[in-house]
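The values are calculated or read from the model by the stated rules, or taken from the named source; none is laboratory data. Note that this is a predicted model, so its numbers are computed, not measured. For neighbour counting, all protein chains shown are included, and Cβ atoms are generated from backbone atoms with ideal geometry for every residue, glycine included. Note: areas computed on protein heavy atoms with side chains; ligands, DNA, RNA excluded. Shrake-Rupley method; radii C 1.70, N 1.55, O 1.52, S 1.80 Å.
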Amino acid sequence: MKLNSINIEPKAGIDAISIFVPNKYFSLETLAKARNVDKEKYTIGLGCKKMSVLSPFEDPVTMAANAGMELLEKNDIDPDEIGYVIVGTETGIDASKPIAVYIHEMLGLNTNCRCIDIKNACYAGTAALRNALHWTLSPGSRGKKALVVTTDVAFYNLRSAGEPTQGAGAAALLVSKNPGLLSIDLNNESVYTREVMDFWRPNYSNTAIVRGHYSLECYLEALEHTYKNYKKYTNLSFDDFSHFIFHTPFPKMASKAFKQMLKMENIDFDNFDRLFSQKVANSLIGGSELGNVYTSSLFLALNSLIEFGQAAEGRRIGLFSYGSGSSAEFLSGFFEKDISQWSHNTSLTEKLKNREAISYDRYVLYRAAYEQRMKEGYYGDDQPSENSRFVFRGVKNHQRQYSYFPCTSSKKEEIADQIDKN
Ligand code: CAA
């Protein structure tokens, strides 16, 4: 394995990561019972154990704010260091106004900050990361950092084939020069676009329409193109990657993707179990617990690998990002010096453990509440609490209403105190 074989200067990448895990989940075994389906179809056939479910006062904005807040607070980041907020989402909440502007306010960021949303199905998260990397290295960023946030609620129709793959969650990444966690190989990229109708969500619908089996074919075709070209551009071999992480609509998809790679490499399938457990399996734990988190899926896989796998400084990992419709990219990155502090220590284990299971009736009720709150006139009086600092109250006068504790105010006071003392 070539370690740090490409000397990238200047370096840019991910300096910190945070995943927002909703605190309610619905078990796939319970869903299988309700749908009169063999539970192994969901748990083994698709690899899904649980799906995250939003409480009625949560939405893509509150999830994004929670992920961003944790990132800033846990890593002691001064909000004034952020010069760019880019939100990647498939579940935009307004045809015009970006989620990035809402969270800019909620996180108490400086007005000297550009805020945009990117839409490109599940690829939007990687597109946001790419955008942030280039900006970080441009002279105009003047040493500031970018905050990339991905946030989604994955809904399919009740009783549809996609239902067991639903999920919800958000991710926040601090993108900077000389990152401590993962530098991205900026010398190389392999991208792919093809107009296909495999999965889409019309503006009038909260649920996605999907040609399920066809979407798997489109995903695998995009992987084949991008992986083949990446190797051609870089002269890297399969063994140069210590791990591969994939966009994971359901964990079995990643195993299909890995099988496809072994086929391309002419590696005997007898080696599948060993190689899969070495290079892929640990990155799928988060996805099997949260369900499909669309734009956050690749970053949840990264966080899972760091939490549950053997991530070590200098190791190169391959990342495959797929967005239906379709756009895809294969890229790679190196773990950096701070990885030893993050490894097995991202708090994902704790977040997964501290959740509450809900019944089938509550699953259906919460889903109906989510859809109702997006309409004018269902304005609630929910208030923020220590456990839920950002609350979506509904739509009033055609405006989304949020209540929250400004997360960085105490920090701002602390900073002001320090400046006074100096
Ligand atoms: N025990 C164990 N396994 C069983 C089983 C049992 N009793 N019964 C069935 N299975 C297995 C099947 O053999 C199958 O496995 P293989 O694919 O390895 O053969 C698996 O369970 C699923 O069975 P089906 O294919 O019959 O399931 P389905 O037709 O009901 O639905 C699906 C599967 C098409 C993936 C559906 O869940 C779906 O539409 N999902 C949403 C679309 C999606 O996620 N597409 C992914 C690519 S697109 C993308 O990545 C973008 C995105 O995020 C959406």
- Note on the structure: Largest fluctuation, Ser141, Ser304, Ser205 only, Gaussian network model of the chain with Cα springs under 10 angstrom, belongs to Ser205
- At 37 °C in a medium of viscosity 0.692 mPa s, the stretch 310-354 has a Stokes-Einstein diffusion coefficient, with Rh taken as the Kirkwood radius over alpha carbon pairs, in µm² per second, of 257 µm²/s
- Note on the structure: Eigenvalues of the alpha-carbon gyration tensor of the chain, times 5 and square-rooted, give semi-axes in Å, largest first, of 31, 29, 19
- Query: If we restrict to alpha carbons, what Rg and Dmax does the stretch 1-148 come to, in Å?
  - Reply: 18.9, 59
- Query: Given the chain, what percent of its DSSP beta bridges are antiparallel, to the nearest 5?
  - Reply: 70 percent
- Item | Tail fraction, Cα-Cα pairs, the stretch 82-224, threshold 21 Å, whole percent | 51 percent
- Message: Please give me, ordered by residue number, the chymotrypsin sites (Phe, Trp or Tyr not before Pro) of the stretch 153-253 that lie in loop per DSSP and have at most 10 other Cβ atoms within 10 Å.
- Response: Tyr204
- Query: Ignoring ligands, DNA and RNA, what accessible area per residue does the chain give at 1.4 Å, in Å²?
  - Reply: 42 Å²
- Radius ratio Rg over Rh of the stretch 35-96, counting only Cα atoms, Kirkwood formula for Rh: 1.15
- Query: Two-decimal Rg/Rh of the stretch 92-161 from alpha-carbon positions, Kirkwood Rh?
  - Reply: 1.06
- Note on the structure: Where a ≥ b ≥ c are root eigenvalues of the Cα gyration tensor, a/c under 1.5 meaning rounded, otherwise prolate if a/b exceeds b/c and oblate otherwise, the stretch 244-366 counts as oblate
- Excluding ligands, DNA and RNA, the carbon-plus-sulfur percentage of the accessible area of the stretch 182-323 with a 1.4 Å probe reads 46 percent
- Item | Sequence-distant residues sharing a close amide H with Cys115 (under 5 Å, placed H) | Val85
- Given charges at beta-carbon only (K, R positive; D, E negative), |dipole| of the stretch 1-116 in Debye: 760 debye
- Item | the chain, relative contact order [Cα under 8 Å, separation at least 6], % | 23 percent
- Task: Quickly work out the Arg142-to-Gln341 label distance, labels modelled 7 Å from Cα along the C-beta direction, and quote it in nm with one decimal.
- Result: 2.7 nm
- Query: Relative contact order for the stretch 66-168: what is it in percent, counting Cα pairs under 8 Å that are at least 6 residues apart?
  - Reply: 32 percent
- Using R₀ = 41 Å, calculate the FRET efficiency as 1/(1 + (r/R₀)^6) where r is the Cβ-Cβ separation of Lys33 and Phe405; round to 0.05. 0.55
- Query: Under the Karplus relation 6.51 cos²θ - 1.76 cosθ + 1.60, θ = phi - 60°, what is the ordered set of whole-Hz ³J(HN,Hα) values for the stretch 390-397, x standing for Gly and Pro?
  - Reply: 10, 10, 8, 9, x, 10, 9, 6
